[in-house]
Amino acid sequence: MTKGESVKLIVGIIKPFKLDDVKEALKDLGVQGVTVSAVQGFGRQRGHTEVYRGSEYTIDFVPKVRIEVMVDDADVTRVVDRILETARTGKIGDGKVWVLAVEEMWRIRTGESGPDAL
Amino acid sequence: MTKGESVKLIVGIIKPFKLDDVKEALKDLGVQGVTVSAVQGFGRQRGHTEVYRGSEYTIDFVPKVRIEVMVDDADVTRVVDRILETARTGKIGDGKVWVLAVEEMWRIRTGESGPDAL
Amino acid sequence: MTKGESVKLIVGIIKPFKLDDVKEALKDLGVQGVTVSAVQGFGRQRGHTEVYRGSEYTIDFVPKVRIEVMVDDADVTRVVDRILETARTGKIGDGKVWVLAVEEMWRIRTGESGPDAL
Amino acid sequence: MKINAGDTAWVLVAAALVLFMTPGLSLFYGGMVRAKNLLAMLMQNFVCMGIVTVLWVVVGYSLVFGRAGDGGLLGDFAFVGMKGLANTSIGTIPALAFVSFQLTFAVITPALITGAIADRMRFGAWVWFVVTWSLLVYSPVAHWVFAGGWLAARGALDFAGGTVVHVNAGAAALPLVLMLGRRKGWPHEPMPPHSLPLTLLGTGILWFGWFGFNAGSALAANGIAAQAFLNTFVAAAAGMLGWLAVERIKGGHATTLGAASGAVAGLVAITPCAGYVGGLAPVAIGAIAGGVCFLAIALKFKYGYDDALDVVAVHLVGGILGSILLGLFADASVNPRGADGVLYGGGWGLFGEQVLAVVVVFVFSFVVSGAIALVLDRVMRDGIRVSDDDEAIGLDLTMHSETAYAHERT
Amino acid sequence: MKINAGDTAWVLVAAALVLFMTPGLSLFYGGMVRAKNLLAMLMQNFVCMGIVTVLWVVVGYSLVFGRAGDGGLLGDFAFVGMKGLANTSIGTIPALAFVSFQLTFAVITPALITGAIADRMRFGAWVWFVVTWSLLVYSPVAHWVFAGGWLAARGALDFAGGTVVHVNAGAAALPLVLMLGRRKGWPHEPMPPHSLPLTLLGTGILWFGWFGFNAGSALAANGIAAQAFLNTFVAAAAGMLGWLAVERIKGGHATTLGAASGAVAGLVAITPCAGYVGGLAPVAIGAIAGGVCFLAIALKFKYGYDDALDVVAVHLVGGILGSILLGLFADASVNPRGADGVLYGGGWGLFGEQVLAVVVVFVFSFVVSGAIALVLDRVMRDGIRVSDDDEAIGLDLTMHSETAYAHERT
Amino acid sequence: MKINAGDTAWVLVAAALVLFMTPGLSLFYGGMVRAKNLLAMLMQNFVCMGIVTVLWVVVGYSLVFGRAGDGGLLGDFAFVGMKGLANTSIGTIPALAFVSFQLTFAVITPALITGAIADRMRFGAWVWFVVTWSLLVYSPVAHWVFAGGWLAARGALDFAGGTVVHVNAGAAALPLVLMLGRRKGWPHEPMPPHSLPLTLLGTGILWFGWFGFNAGSALAANGIAAQAFLNTFVAAAAGMLGWLAVERIKGGHATTLGAASGAVAGLVAITPCAGYVGGLAPVAIGAIAGGVCFLAIALKFKYGYDDALDVVAVHLVGGILGSILLGLFADASVNPRGADGVLYGGGWGLFGEQVLAVVVVFVFSFVVSGAIALVLDRVMRDGIRVSDDDEAIGLDLTMHSETAYAHERT
Ligand SMILES: Nc1ncnc2c1ncn2[C@@H]1O[C@H](COP(=O)(O)OP(=O)(O)O)[C@@H](O)[C@H]1O
Ligand SMILES: Nc1ncnc2c1ncn2[C@@H]1O[C@H](COP(=O)(O)OP(=O)(O)O)[C@@H](O)[C@H]1O
Ligand SMILES: Nc1ncnc2c1ncn2[C@@H]1O[C@H](COP(=O)(O)OP(=O)(O)O)[C@@H](O)[C@H]1O
């Protein structure tokens, strides 16, 4: 990966079964790390219906995975494109990606900061 | 919802049993999506005590729900106000809401970016 | 804690068993609250291998804890330093800390905003 | 009569099997509640194993089986503290084997009620309810039917507790449900089962234990026991298929919870009949119970009472069905101590007695249980229902200071 | 013969124990699948308890045990609807106790197959498969071996179902697996067990129930039952140790799932032998089964069939092993109704019959089961396999509209 | 003596019930540990079912029951490999039924220890500990008490294992706990149970199985068995109530874990007494045990030993209590093979023997168990305790390469 001035945080909400593909794609790109969590999404994609002793009820939320990737400023486009590509199924509910500016960052182990901390 | 220039990320930490109300309120406002996760909060609100074979121990963390809502710049106030309103019980531990600037965002399914991606 | 103009969001990814130490350290510093969630990390630290009826498979992700702390601008350095200090084991996988600018924040219970909402 | 080791072995095993049903029941119910109320549900059941057992050896057994065969209303104090029972026999088994076997019924009957009152009754109130109910409701009803009391003397049949256990528990659940009121959020807010595997495990244990419940009620390891065993087996199966069929037709899906519930409905309905019917009767009884109990769930929505886990639809309705269907299907050629029902040329006599027994037990249990609940609600400082806050937080934490699941981070 | 209460008590208990094995099996398997397919697994097992039971009293029992001892191919309709069985006896026990005991075997045999087809068979297709298979495969095979049909008449021994249950189920699993095809992602994507505690609980229930399975097959509470009981106990233990030893040597770790699997492998292998071997033979049989079944798992990777939870490696291979090892270890001094195997001076006669029985049951079950699956796949609108989308979402939601776990937020 | 089918049926069932207790125990304990150590706990228990069983038929049974009734110190090698036992009887049951029943005690006794050493003992070290302990500690102690060895000959009573099982296991736990040292973080860091439903399920299984444990020890289906059955039932109940009462008074809450623990404490204490006391004695014994065992938990905090799941407080203290209370409550009119305790006019003779038996078993087990642990710690390359890193990661992953729960995302 390139070495720029500052660090950006890319956040993606994706379909859970795409996680492995996205992770492998990011590895291939040389991204050093990813942080992942299980979330529930609500959006255009409908939830599902369950039945409980004759009563139907709707579960509005759909399980999604949230990924956070810190990257060097210079790599943002490449990384975002790759996520957009690998996480896409073309069906409703594929999710979102967004980028936030990071003011400063550190690696806990060494105390390094800025892009060196990646 | 209105269509502005840029996108903001509203994050809220709320009481879990308020989630449904907040979700419905946001739906009513025309918000297109929400991402939710289960978190543990620590703050002014005290945790609770559990008993295990005669020993008491304190659980400091209180279950909370974290919501993320991406909205058009122009809608931030309306959405935040609505969250503040519906999530409020008036008792300690109601939580926080904050707004972050989003540099760019995309819809994975279509590749659209900016407010169109909402 | 001091009272400045604006609020920053400090995010940390740490080793789960360090959570208690970090929480206590932040309490000592006078930080009013923390929000915590369970996440999975992927990075330099290797995952582990499991065995299932004679087949080995690798679990890439390592359990981590994500903490979010909102602090007054003026306190960022002190808080970050303290997190870096208490979360460090010196071994690979200690995690990251980063700081984001918060545009505005509110306390739900009272509607207060800005550093007063902390 | 001389003690028969085979009969004794069977009744002891049956007692163990029925005792095991109460933990099974607690899991069956526990899987259906929300995780925050799981321990409270388990506890309400386990505490029956504690309270009723001690009461039983002190006085309960005597209240039921004192003056057995008197055609009367209640036992006496002849056997208080197990006086004079050691080393004696009842039929071909030791008296204490009989005491243990009957005790398991006394334990599980109030435990059945917990499904109705889930998620909102104070633990202390439940404890006192069990104590009182055991003495004031279970003891007389069991005397009437199991100990040769007045209903048995009239000719009502109840092989293993259709009236004493199921109608009785179901009828007691109703006033409690009405007095406690609805769970916050019911019926508009969905309260789905938090762990169906627990419920299925509970179903397996219940089915397993029910063999002891029904076939053990023969009090001997003989042909009647074998008949009761097979009937139990078949009715559970037919109940499952009956429920699934109706569920599938009405809602489009055959659910796992439906399979479990249907099996239990079949088991409930066969309980009074187990040693008195034969051939394919258990197929009919089980299938009818499975279908009807499923449909009976609609009642609570119609009438607006929050019978949380459908004790009324399954135990009350199933118990009534079984008790009354026995008036049709009873076959004296299967068991000479039984009688012939309508379909076997016995006329409507038995049927009438069955209806009478059901009505009497229903009314008595409903009224006295309601009265007990009313008194407790007055007498106890905080009443019988938990506070709104406690209900929102969950009973596990607020009643027992515990959390069911703590799959930790580290 | 007069009914013996002790024998009756034992067979009734044994029947209850074996019935309990099916829920146990569902948990054993259920723990190994992914959480999204758990309920579907439980349901495939529980529904066997529903379907096979009703079929059995209607016609299945008669198809197996009609014309018992005829040395022939199939029973008749003599006992349809349990005709003429009430209040009669078989040996020293009530006929209906025998009916119930045998029923439990008929229930669990198809249930064993569910481990192979996990995660991808449509529920409706499974229901029809069970109905058909029960009648067309289980009934004849059980007649040949358990009801004095032609294999038994030739001298093949099978104390409790090595061929009828395990080879039979394992052989049926194979064509189903081949026709269903692999689960999406198999074998490159790991599909680890979602809850090993469930699997261990299931193992405990299976071990417990297997005492009824094997020792109950003596149909009396006598020395043979005691021998079968102890052999079962020991073979399970030796199977566990055998599996763990080989696993440890080959892979460096002794796993919990290995302990569970090894115990089951030992139990499978001792099944045909239980009442015919003595001394330390169960140690040998169990240990061999534990080690060999572990190694047999490699076959599915080698030949590329997705036998999801290793029904072939454990039940087919274990069943074959046990049936054939009986040809070596059988000891007529333990049980005069048995025979002497090669190691006890009986020559190769028994061994040959055992091999023949295994081959015949394997071929018959494989062919007919495959044919049934083929026909169902044609006849049923959506075939026997779920759609790709349904598989990805999981069978719990798509087949049953349910979710196994809902540990909620509040 | 001629084999009695009823007695045989009962002892076989009892053996199955007791075997089932070990998986039950593993769940009881497993629910209380943290999720990362669950499988290791289950495995430590299951492996006892493997190891002890094979050892038992090879040599263990002979070491215990060889030279039975000799008033001596240890058996011999007469029954090695089950030599000469097939088709013989002991009392009214087949010898092999007795072998199986006694085996289940030999299995569960070391398994009880696992609760004390939870979360930090290497699996390999545990395996070797079980092998050695079974031969060097269990065999002699069981001979002394169960096989007419010197303690029995002096007149000490132990109906079902108060000394042999509970004092023995509790006394063995203590030196292990001392040598292993505390779990990292104990006692300041809370280590709450990860799944109380598992613990409650385990409690249900234990209670169920304990009927076999105690009432099976009558070795016949007779009045003594019935008395032991009822006593077991009642003491469990009273233990629950006793524990809950003291817990409630001292801490303000009646917990689910308290109900479970109290029931187990009552069961432990009634074990030596089960067939020797009557009337309301089990209420007293159970309630005392419940209260005292709860209070005994404080000892580990006072003296700083990390008995993780309170094996000392429940099994050692409960076992001592039961054995000694028998000196007060024994009633020869209940069982002529018993004796009269202090309260029944028998004077202090029995009481003295009970105290002696407790002291002897405690000292012997403590010393020899400690010596075994010491030797293992020296001899084994990595000692008996896991490394700090392995402890932090959890034993499931580091000992067995497995994870208990994998409720996946998809
Ligand atoms: N405005 C939003 N704010 C936060 N998260 C959103 C928003 N809109 C969608 N999401 C997240 O993205 C997921 C997919 O969105 P959805 O509208 O269903 O489909 P698509 O992105 O294909 O239009 C949602 O489940 C939710 O987690
Ligand atoms: N400074 C903070 N940083 C991050 N999260 C916070 C902060 N303060 C509070 N929170 C979150 O908000 C929740 C509620 O805060 P608390 O102080 O208990 O009550 P209130 O917001 O009503 O004053 C906490 O549980 C925590 O999740
Ligand atoms: N680029 C990144 N973006 C997001 N999270 C990261 C990134 N790199 C590391 N992480 C998080 O930090 C954790 C520790 O990182 P790792 O590379 O293993 O060790 P270290 O921080 O000591 O170099 C990871 O498990 C992951 O959760």
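Remarks
- Within the stretch A:8-24, the set of residues being more than 16 Å from ligand 1 (Cβ to nearest atom) and more than 9 Å from every other protein chain (Cβ to nearest Cβ) comprises A:Asp21, A:Glu24.
- Of the candidates D:Ala9, D:Ala5, D:Ala15, the single residue that is without any contact (Cβ under 8 Å) to a residue 12 or more places away in the chain and surrounded by 24 or more Cβ atoms within 10 Å (Cβ to Cβ) is D:Ala5.
- Options F:Ala215, F:Ala226: the member that is closer than 30 Å to F:Asn4 by Cα and without any contact (Cβ under 8 Å) to a residue 24 or more places away in the chain: F:Ala226
- Residue within the stretch F:362-370 that is out of contact with any Phe, Trp or Tyr (no Cβ under 8 Å at 6 or more places or on another chain) and buried (at least 24 other Cβ atoms within 10 Å of the Cβ) present: yes
- Hits in the stretch F:296-350 - residues which are under 27 Å from F:Leu176 (Cβ atoms), of a type outside the set (Ser, Thr, Tyr) and assigned to a loop (DSSP other than H, G, I, E, B): F:Ile297, F:Gly304, F:Asp306, F:Asp307, F:Ala308, F:Leu309, F:Asp310
- Residues of the stretch B:99-109 satisfying the condition of being away from ligand 2 (no atom under 16 Å from the Cβ) and out of contact with any helix residue (DSSP H, G or I) (no Cβ under 8 Å at 6 or more places or on another chain): B:Ala101, B:Val102, B:Glu103, B:Arg109
- For the stretch F:374-405, the set of residues classified as closer than 23 Å to E:Ala259 by Cβ and part of a helix (DSSP H, G or I) consists of F:Leu376, F:Asp390, F:Glu391, F:Ile393, F:Leu395, F:Asp396, F:Leu397, F:Thr398, F:Met399, F:His400, listed by residue number.
- Any hit, the stretch B:25-42, residues being within 16 Å of ligand 1 (Cβ to nearest atom), under 30 Å from D:Ala406 (Cβ atoms) and polar (S, T, N, Q): yes
- Conditions (1) under 22 Å from the mean Cα position of the chain (by Cα); (2) surrounded by 22 or more Cβ atoms within 10 Å (Cβ to Cβ): number failed by F:Leu73: (2)
- Index of the failed condition, D:Asp389 passing every other in (1) surrounded by fewer than 19 Cβ atoms within 10 Å (Cβ to Cβ); (2) touching a residue at least 40 places away in the same chain (Cβ under 8 Å): (2)
- Of residues in the stretch E:30-47 being more than 7 Å from every other protein chain (Cβ to nearest Cβ) and closer than 17 Å to D:Ala260 by Cβ, the one surrounded by the most Cβ atoms within 10 Å (Cβ to Cβ): E:Met41
- Yes/no for A:Ala87 being at pLDDT 95 or above and within 14 Å of chain C (Cβ to nearest Cβ): no
- Subset of the stretch B:60-118 (residues that are without any contact (Cβ under 8 Å) to a residue 12 or more places away in the chain, buried (at least 18 other Cβ atoms within 10 Å of the Cβ) and within 12 Å of ligand 1 (Cβ to nearest atom)): B:Trp106, B:Arg107, B:Ile108, B:Arg109
- Output for the stretch C:61-98, where each listed residue is within 12 Å of ligand 2 (Cβ to nearest atom) and in contact with a Gly (Cβ under 6 Å, 6 or more places away or on another chain): C:Ile67, C:Asp72
- Count of the stretch B:25-40 residues, restricted to those that are closer than 26 Å to B:Ile92 by Cα and either within 16 Å of ligand 3 (Cβ to nearest atom) or under 13 Å from the mean Cα position of the chain (by Cα) (or both), is 8.
- One residue from C:Arg46, C:Arg82, C:Arg109, C:Arg53 being within 14 Å of chain A (Cβ to nearest Cβ), more than 20 Å from the chain's Cα centre (by Cα) and basic (Lys, Arg): C:Arg46
- Screening D:Val130 with (1) within 23 Å of D:Gly30 (Cα to Cα); (2) in contact with a His (Cβ under 7 Å, 6 or more places away or on another chain) gives one miss only, at (2).
- Residue within the stretch F:200-207 that is surrounded by fewer than 24 Cβ atoms within 10 Å (Cβ to Cβ), at pLDDT 95 or above and within 8 Å of another protein chain (Cβ to nearest Cβ) present: no
- Any hit, the stretch D:227-248, residues being under 30 Å from B:Asp21 (Cα atoms) and surrounded by fewer than 24 Cβ atoms within 10 Å (Cβ to Cβ): no
- Residue within the stretch F:140-161 that is within 15 Å of F:Ile51 (Cα to Cα), within 17 Å of the chain's Cα centre (by Cα) and not charged (D, E, K, R) present: no
- Of the residues E:Tyr344, E:Tyr405, the single one that is within 14 Å of chain A (Cβ to nearest Cβ) and surrounded by 15 or more Cβ atoms within 10 Å (Cβ to Cβ) is E:Tyr405.
- Test result for D:Leu178, away from chain E (no Cβ under 14 Å), within 19 Å of the chain's Cα centre (by Cα), modelled with pLDDT of 95 or more and surrounded by fewer than 24 Cβ atoms within 10 Å (Cβ to Cβ): no
- Matching residues, the stretch B:8-47, being away from ligand 2 (no atom under 12 Å from the Cβ), small (Gly, Ala, Ser) and touching a residue at least 60 places away in the same chain (Cβ under 8 Å): B:Ala25, B:Gly33
- Among the residues of this structure, D:Gly291 does not count as one that is more than 21 Å from D:Val342 (Cα to Cα), part of a helix (DSSP H, G or I) and touching a residue at least 60 places away in the same chain (Cβ under 8 Å).
- Taken over the stretch E:120-137, the criterion of being surrounded by 24 or more Cβ atoms within 10 Å (Cβ to Cβ) and touching a Phe, Trp or Tyr at 6+ places or on another chain (Cβ under 9 Å) is satisfied by E:Met121, E:Val137.
The values are calculated or read from the model by the stated rules, or taken from the named source; none is laboratory data. Predicted model, so just to flag it, every value in this text is computed and none were measured. So basically every Cβ, Gly included, is an ideal-geometry build from the backbone, and we count neighbours across all protein chains shown.
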